[in-house]
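Below is one structure, written out as structure tokens, with a few remarks after it.
The values are calculated or read from the model by the stated rules, or taken from the named source; none is laboratory data. Worth saying up front: this structure is predicted, and the values here are computed from it rather than measured. Quick reminder, even Gly has a Cβ in these numbers, built from the backbone with ideal geometry, and neighbours come from all protein chains shown. These area figures cover heavy atoms from the full protein model, side chains too; ligands, DNA and RNA do not enter into them. Shrake-Rupley method; radii C 1.70, N 1.55, O 1.52, S 1.80 Å.
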Amino acid sequence: MQERRVPPQSAIEGTVPALREDSHRPQEPQLTRAGFALGCVLFFLSGAAALVYEISWSRQIGLLFGHTIHAAAVVLAGYFTGLAAGYALGSRLVGRVNPLRAYACAEITAAAWACLIPSLLALVQTEAGAALLQSDHPGWQLVLRGGFCLLVLLPATSALGSTLPFMSDFLERGTAHVQSRVVRAYAWNTVGAFAGVVAATGFLLPTLGVGRSSFLAAGVSFLCGAGALGLGRRLSRNGSPTNSLPVAERALAPAEGRTTTGALRPFQPWLILLLAGLSGFGTLALQVLYSRLFSLVFHNSTYTFGTVVAVFLVSLAMGAWLSSFLVRLFSAPLVIAVGCWLGGMLAGISPALFVWITRLEYFTTGDSFLTYLLAASGLVAMIVLPAVTLLGMVLPSLWSAAAPRSKGLAVLVGQSTMVNTLAAAAGSVCASFVLLPWLGLWAAFALLAASFTAAALVVLLHQQRPLFALGAGLTILPVVLLLTAGTGPEQWARLPEREQLIRRWNSAYGWIDVVQVGGPGTLKVRQNLHYRFGATGSNARREFRQAHLPLLLHPAPRTVAFLGLGTGMTAAGAVPHQELESIDVVELIPEVVDATRLLREHNRNIVDDARTRVHVDDARHFLLTSENRFDVIVSDLFVPWESETGYLYTVEQYRLARQRLNPGGVFCLWLALYQLGPGDFELIADSFATVFPHATLWWGEMHSRRPIVALVGTEEPLQLNVNQLNARLEELRTTSTFDDSSLATAARLLELPAGRWMVRNPQWLNTDEFPRIEFQTPLSHRDHRLLHGSTLKAYYDDVLYHLPPVEIIVRPNIAEDAPRERQERSRLRRNRQRFVLFGD
């Protein structure tokens, strides 16, 4: 290949052969530093708004589809597809429109449509609307939901996507360091995305609200549009055109780069798009794997998930910045090859390093929530940042590796980013539903590491560097062996010695394990090592009680629904109640249903009982779409600080439950006080009491270290027929499956009420718009303010002891007591409860 010489100034990029500048073409005005800085500010704010949109919309649509991994994948795919459409549209318009005016129109369009999305979703978030998007055929349901999501978001997301080629077109002015400017602006956009994640998870969602956060982001987008128009007018007044040379002339401009020889072969469009796709697919798949990796040790709140995403975005921004400098020192193909190879190597090594550091023990570093989050951020940065920074160099470097083309840089940026984004959506979905369930976590990491290395081999072979390609291929083999030999990095974990793994499922929600604890009589089901769904053995009586109590509070239950399956022990408490005609159980994770079957000897084979119907669904979505009504609905224990679990404790959730009750029905919400702070409990109880006219508090487990209570909601005061209740209890005892001293007689049952809960703060509730419990409980958890021990004792004396007595109509008629006598009887009962709890 004949060498082409270029001016010394362009001996930086090293990959785009320069054509001799036409001496008759006028020189294009250079973009001033101030203009470039203002463009980066606009792009930073645009990136922040885009991530706030994504977080807000995913939560709003999740209320319609259910907060399942499948629904999240549909929303992500719809969002990314819209962005890709915008990249494609912007690429086609480049050179035909004024870039700043087009950018302004795109931002304002996104802002306007974003303001409409909450209202559009509210129209569909009804029983009838949800039914339209529901189908018994999974494939058709996926099409319905995907199409709906794409159509609702498309005007805004396509407008957001088009801003990248428009901004690139604006920055592509003059001949000096064009690619470097575009890449740095792209990096600022990614930093803005990081800021959006931090702002949304750390402040906006719990304080401003979910829908209102999207309105704030719309205001930021509008300001970006107005700012772009103002910048365009300023440049026009200064005599600088706001658009660059025509696209055809731009392609003939001198390019930044070293002289191109046969040893440095420029990339053809097909190769750029191929590598862009591989980069997008692998990078987003890697984000899914890292999120799953850290879920093995973190408390899995919205804050820790946000930390992983934030560090990932910072790493991508750092990669872009590095690319803008390195491609001016080395050839772009070399930067791409090293980024893929070394990034893949580090991605493969990182899970082993993670296990070696954490031993897969529950992460507890830090004496407060703030120090915990800082320590968690440091761990994530140590594991994620090196690999993702290197991989983040790939896409920006591709923009400097193009062959001579008839289209400008902005077109290349738009088209390559379109392919990258579509592949990223595919990578996220594939990692969740193919790689993790089929290969497992460690093998999935190995496959991605090998894939990135394969991309490096493609580049090296294209550059006619076979020996380097051979070396890169050989170095990845030990990494793959490290991850796949035996049990992989898990062999270095420090897990309890008395636990024996019976079976593991690699689900889309993480590891689902059945574990034997101690002797053969105790089994437990857990998710991601540290989140226990329950256990057999000594816990059985208490878990059965969680079904017995609400069923006994209803005079004649025929239908019951359990929200949550877990080990099946709670729902199994319904099996001896022969009066029940149907037992509906809702479980989010399909593999948990399979795990429960392994405990059939302990949970009375609840899953396959003739009366049982198991629904694999989100509990909220089930209540929204179900056509059935129930006499009793039981909401099982959930970990309140887990991401998006807080929606099971909202006012809207309670309203749905109330609507699904038959007349005289009972809704029972179980709460583990040792997982809640005083303010968290009151937030849940106040939200509950605003929906149910009669909200009462009952003890499920009077234990100072692990207290459990139930909020029971009814339309009217509870009515208990003592004779009938004793007869039902005696019938339960004849089944030989009922042995609970706390419920031995009607009199013993009447010792369990703690009082009637009255709303204490009606202005501070947990709602869909303000999911406060999801953001409060992690702070209570890490700041050690949970309701057990001395904290529970102080709260009992200050609040629970003074609750109004429970209104219960007891029959046969008992002589009416004077109010003073009722108060005295309530006082004596609470003194007994206090003695059981605290021994004094």
Would you mind stating whether residue 315 is within 12 Å of residue 392 (Cα to Cα), buried (at least 22 other Cβ atoms within 10 Å of the Cβ), touching a His at 6+ places or on another chain (Cβ under 9 Å) and of a type in the set (S, T, N, Q)? no
Residues of the range 64-93 being part of a loop (DSSP other than H, G, I, E, B) and without any contact (Cβ under 8 Å) to a residue 24 or more places away in the chain, in sequence order, are none
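Which helices (runs of 4 or more DSSP H) does the range 562-627 wholly contain that include 1 or more residues that are touching a His at 6+ places or on another chain (Cβ under 8 Å) and open to solvent by 10 Å² or more (accessible area, probe 1.4 Å)? Before you say what the answer is, go through the steps one by one.
Details: elements: 569-572, 590-597, 619-625.
Result: 619-625.
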Residue 679 versus (1) surrounded by fewer than 23 Cβ atoms within 10 Å (Cβ to Cβ); (2) touching a residue at least 24 places away in the same chain (Cβ under 8 Å); (3) part of a loop (DSSP other than H, G, I, E, B): which is the lone unmet condition? (3)
Checked the range 171-184 for anything within 17 Å of residue 103 (Cβ to Cβ), crowded, with 24+ Cβ neighbours inside 10 Å and either charged (D, E, K, R) or at pLDDT 90 or above (or both); matches are 172, 173, 182
Look through the range 185-207, keep the residues that are open to solvent by 20 Å² or more (accessible area, probe 1.4 Å), hydrophobic (A, V, I, L, M, F, W, C) and modelled with pLDDT of 95 or more, and return whichever of them is farthest from the chain's Cα centre (by Cα). 188
Considering the range 511-538, residues that are polar (S, T, N, Q) and out of contact with any helix residue (DSSP H, G or I) (no Cβ under 9 Å at 6 or more places or on another chain), and then whichever is nearest to residue 604 (Cα to Cα), we arrive at 538
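Taking only the range 655-670 into account, find how many residues are over 18 Å from residue 776 (Cβ atoms) and either within 27 Å of the chain's Cα centre (by Cα) or not in a strand (DSSP E or B) (or both).
7
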Elements of type helices (runs of 4 or more DSSP H) in the range 716-817, at least 1 residues being free of Cβ contacts under 8 Å to residues at least 60 places away in the same chain: 722-734, 746-749, 790-798
What are the residue pairs meeting all of these: first residue in the range 185-199, first residue of a type in the set (Phe, Trp, Tyr), second residue part of a helix (DSSP H, G or I) and open to solvent by 40 Å² or more (accessible area, probe 1.4 Å), Cβ atoms under 6 Å, and 6 or more apart or on different chains? 188/44; 194/314
Which condition does residue 275 not pass, out of (1) open to solvent by less than 70 Å² (accessible area, probe 1.4 Å); (2) at pLDDT 90 or above; (3) over 30 Å from the mean Cα position of the chain (by Cα), if it passes all the others? (3)
Selected residue (criterion: surrounded by the fewest Cβ atoms within 10 Å (Cβ to Cβ)) from residues of the range 696-714 that are assigned to a strand (DSSP E or B) and of a type outside the set (A, V, I, L, M, F, W, C): 701
Test residue 791 against the criterion of being among the β-branched types (Val, Ile, Thr), in contact with a helix residue (DSSP H, G or I) (Cβ under 6 Å, 6 or more places away or on another chain) and surrounded by 13 or more Cβ atoms within 10 Å (Cβ to Cβ), and give yes or no. no
Need the failing condition index for residue 634 against (1) at pLDDT 95 or above; (2) part of a helix (DSSP H, G or I), just the number. (2)
